[in-house]
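Trainee: I have a structure here, written as structure tokens, and I will follow up with some questions on it.
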Amino acid sequence: MKAFDLFRPKDLFQAFSRLELNQHETVLKSGGTDLLIWIKKGLVSPKEVVDLSSIDSLNEIEVKEGEGILIGTNVSLNRIIDHPEMKRRFPALIEACETHSDAVLRNKATLVGNVCSAVPSGDTIPPLLCYEAEAVVQTSCSKRHLPLPRLIIGPRKKSISKTEIVTHLWIPLPKADLSVGAYRRASRRRALDLAQAAVACTLFQHRGERDFRLAVGALSPIPVRVSEGERILNETSNIDEKIADRVADAVLKAIQPITDVRGSREFRFAVTVELVRESLSLCLTRAKTEEGCY
Amino acid sequence: MPKHALSFVLNGETVDWEVETNATLLQALRENGVTSVKRGCEEGECGACTVVIDELAQKSCLVLALEVEGKSVLTVEGLPAAPGKLHPIQQAFVDEGAVQCGFCTPGFSMTTYAFLKTHPNPTDEEIRHALSGNLCRCTGYLSIIKAVKTAAEALSKPIVAGEGGEGDVR
């Protein structure tokens, strides 16, 4: 692995000072399960790695009742999976975390890291889009919330500057009696593989009102919400196969899949139809069987 | 490249090493003689380098050595066993024919060790899920899954007075 300096700050103040000093030659690391591979492959060649995993204050999951859940940059995917409130409120995210890499790597890989890697196939991004998660972006003197569609602007590209750090993710808690969801993806093997196509479908129900959300991954330069598909679902009281087909058509119109080593453009179009049907059907079944789980 | 001081607990004993900033824990362990930790893919895919850090299984090729400062690292060399005996996980792998070339075995053993701590009575499905990040090119996995079940049974047996002590392997 190419040589680099390693800076392990004890707090955010130290991290910001370092970034302001060396901003053009520094990359941030949390879990590092993507970054170390990218360095080994020569995809990035930082002069210095600032390792946020040494900052204890970024290890927390904080539930703010009635408002939202704040997840620190160092929270691993397995800690998300094991957190009872996350499981209850954001089931599609849990399913996506369980699909990511394998049970051992998930001890190291972090949720914020998966978002910040900003790869088109990032498993946790489609459900986070459904849940309208925001990145908490800080500098030494400012703090702002950035919705994920404004953070991720291209494959491996984020909109934030080199002196900013995504310190947390904020997931708002909508008023709901019921939250169900599903994440379905196609990949060549179950563990340790990237998605060929992925669909997240979530449903919040509040006093009889239903709010469906739909997002896809690995099918366009960045994961996206499919608002036309959501409109069809939210305007229909009786969702049958014909409606599911209309939703799948709306998804196909919203994506631009490519042919690459993991699958062809044609395969991706075909499998997307199945993933939409499957995730929608799972969502509806779970809504019937898990009533009151929110 | 300048070296940096690293102090951590390896298999129950504090060690002080000098490592380069870009050294992975895998490299540091092997360079310091802990060769049970195998260098396979070095991309987190194969699990041959799995160790247990503070109770969690981790792939040491994707951990920087300096990240374990002050932490506790366990490799198969440190699996607690009665004098002259193998740890029940290792014994189960031997008994069930779960070792052929043996290259993946230390990694499987450490993943199994961390897994059985939290899942003392695992189902087949839970075992498959837990081991999904460890690859074996010889056995076809069935004997490994059987070995994990056998190890779970052995570890769940009550300790008989006189057999425990240093040899308490839980």
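The values are calculated or read from the model by the stated rules, or taken from the named source; none is laboratory data. The model shown is predicted, which means the values in this text are computed figures rather than measured ones. Note that each Cβ is placed from the backbone with ideal geometry, even for glycine, and that neighbours are counted across all protein chains shown. Areas reflect the complete protein model, heavy atoms only, side chains present, ligands, DNA and RNA absent. Shrake-Rupley method; radii C 1.70, N 1.55, O 1.52, S 1.80 Å.
Trainee: In whole Hz and in residue order, list the ³J(HN,Hα) couplings for segment B:97-103 that follow from phi through the Karplus curve 6.51 cos²θ - 1.76 cosθ + 1.60, θ = phi - 60°; x for Gly and Pro.
Mentor: Listing the rounded values in order: x, 8, 10, 10, 6, x, 5 Hz.
Trainee: Based on DSSP, what percent of beta bridges with both residues in segment A:1-153 are antiparallel, to the nearest 5?
Mentor: Restricted to segment A:1-153, the bridges split so that about 60 percent are antiparallel.
Trainee: How would segment B:3-78 be classified by its alpha-carbon gyration tensor: rounded, prolate or oblate, with rounded meaning a/c under 1.5 and the a/b versus b/c comparison settling the rest? Intermediate results must be reported in sequence, preceding the final value.
Mentor: Values: a/c = 1.58, a/b = 1.21, b/c = 1.31.
Oblate is the answer for segment B:3-78, as a/c is 1.5 or above yet b/c matches or exceeds a/b.
Trainee: Does segment A:5-51 classify as rounded, prolate or oblate by the C-alpha gyration tensor (a ≥ b ≥ c root eigenvalues; a/c under 1.5 gives rounded; else a/b over b/c gives prolate, otherwise oblate)?
Mentor: On the way: a/c = 2.99, a/b = 1.62, b/c = 1.85.
Oblate is the answer for segment A:5-51, as a/c is 1.5 or above yet b/c matches or exceeds a/b.
Trainee: At 1.4 Å probe size, put A:Phe269, B:Phe93 in order of accessible surface, largest to smallest. Kindly include the intermediate steps, with their values, before the conclusion.
Mentor: Values: A:Phe269 55, B:Phe93 0 Å².
The most accessible residue leads, giving A:Phe269, B:Phe93.
Trainee: To continue, here is another question. Spelling out what I want: for every residue of segment A:241-258, take phi, set θ = phi - 60°, compute 6.51 cos²θ - 1.76 cosθ + 1.60 (Karplus), and round to whole Hz; glycine and proline get x.
Mentor: Once θ is set to phi - 60°, the couplings for segment A:241-258 become 5, 5, 5, 4, 5, 5, 5, 4, 4, 5, 5, 4, 6, 8, 10, 10, x, 10 Hz.
Trainee: For segment A:178-287, what is the relative contact order in percent, using Cα pairs closer than 8 Å and at least 6 residues apart in sequence? It would help to have the intermediate numbers written out before the result.
Mentor: Details: 189 pairs, mean separation 33.0, N = 110.
Averaging sequence separation for qualifying contacts and normalising by length gives 30 percent for segment A:178-287.
Trainee: Please state the shape class of chain B: rounded when a/c is under 1.5, otherwise prolate if a/b exceeds b/c and oblate if not, all from the C-alpha gyration tensor. Intermediate values should be presented prior to the final figure.
Mentor: Working: a/c = 2.13, a/b = 1.40, b/c = 1.53.
Here chain B falls in the oblate category.
Trainee: Moving on to the next point. So what are the radius of gyration and Dmax for the Cα set of segment B:74-162, in Å?
Mentor: Cα only, segment B:74-162: 12.4, 41 Å (Rg, Dmax).
Trainee: Mind grabbing the accessible area of B:Leu131 for me, 1.4 Å probe, Å², rounded to tens?
Mentor: 20 Å²
Trainee: Still on this model: Holding the Cα-Cα limit at 18 Å, pick out from A:Lys143/A:Lys175; A:Lys2/B:Lys3; A:Lys29/A:Lys64 the pairs that are longer than that.
Mentor: Values: A:Lys143/A:Lys175 26 Å; A:Lys2/B:Lys3 15 Å; A:Lys29/A:Lys64 27 Å.
Pairs exceeding 18 Å: A:Lys143/A:Lys175; A:Lys29/A:Lys64.
Trainee: Something else: Please give the calculated 222 nm ellipticity per residue for chain B, where each DSSP H segment of at least 4 residues contributes -39500 (n - 2.57) and the sum is spread over every residue; nearest 500 deg cm²/dmol?
Mentor: Numbers: 5 runs with 51 residues, N = 170.
One gets -9000 deg cm²/dmol as the mean residue ellipticity at 222 nm.
Trainee: Further, regarding this structure: Any idea what the relative contact order of chain B is, in percent, if you count C-alpha pairs under 8 Å spaced at least 6 apart?
Mentor: Values: 289 pairs, mean separation 40.8, N = 170.
Relative contact order for chain B comes out at 24 percent.
Trainee: Work through the residues other than B:Cys61 whose Cβ is under 12 Å from its Cβ and net out their charges, Lys, Arg +1 and Asp, Glu -1. Working shown, then result.
Mentor: Numbers: positive: A:Lys40, A:Lys108, B:Arg30, B:Lys38, B:Arg39, B:Lys59; negative: B:Glu42, B:Glu43, B:Glu45.
In short, +3.
Trainee: Can you give the accessible area of B:Asp124 in Å² (nearest 10), computed on protein heavy atoms with a 1.4 Å probe?
Mentor: In the full protein context, B:Asp124 sits at about 70 Å².
Trainee: When we measure straight from the Cα of B:Lys117, which aspartates and glutamates land under 16 angstrom away, once same-chain ones fewer than 8 places off are left out?
Mentor: Answer for B:Lys117, where 16 Å is the Cα cut-off: A:Asp82, B:Asp54, B:Glu55, B:Glu126, B:Glu153, B:Asp168, listed by chain and number.
Trainee: Mind checking the alpha-carbon convex hull of chain A and giving the volume per residue in Å³? Could you put the intermediate results ahead of the total?
Mentor: On the way: hull volume 36.5 nm³, N = 294.
Cα-based convex hull of chain A, divided per residue, equals 124 Å³.
Trainee: So, one more: Heavy-atom accessible area of B:Lys3 with all protein chains present, probe 1.4 Å, nearest 10 Å²?
Mentor: 110 Å²
Trainee: Of A:Lys87/A:Lys162; A:Lys10/A:Lys108; A:Lys242/A:Lys288; A:Lys288/B:Lys59; A:Lys108/A:Lys157, which ones are farther than 29 Å apart at the Cα? Kindly include the intermediate steps, with their values, before the conclusion.
Mentor: Numbers: A:Lys87/A:Lys162 33 Å; A:Lys10/A:Lys108 19 Å; A:Lys242/A:Lys288 20 Å; A:Lys288/B:Lys59 40 Å; A:Lys108/A:Lys157 22 Å.
Beyond 29 Å: A:Lys87/A:Lys162; A:Lys288/B:Lys59.
Trainee: Also, quick follow-up: For segment A:58-112, what ratio Rg/Rh do Cα atoms give with a Kirkwood hydrodynamic radius? Mind showing how you got there, number by number?
Mentor: On the way: Rg = 10.7 Å, Rh = 11.3 Å.
My calculation puts Rg/Rh at 0.95.
Trainee: Mind listing the phi-derived Karplus ³J(HN,Hα) values for segment B:60-74, rounded to whole Hz, using 6.51, -1.76 and 1.60 with θ = phi - 60°, and x for any glycine or proline?
Mentor: 5, 6, 10, 10, 6, 3, 5, 5, 8, 3, x, 9, 10, 10, 10
Trainee: Do you know the relative contact order of chain A, to the nearest whole percent, from alpha carbon pairs under 8 angstrom that are 6+ apart?
Mentor: On the way: 619 pairs, mean separation 47.2, N = 294.
Dividing the mean separation by the residue count of chain A yields 16 percent.
Trainee: Turning to a different aspect of this structure: Tell me which residues come under 5 Å, amide H to amide H, from A:Arg210 once H is placed; ignore anything under 5 positions away on its chain.
Mentor: Amide H to amide H, under 5 Å and 5 or more residues apart or across chains, A:Arg210 pairs with nothing.
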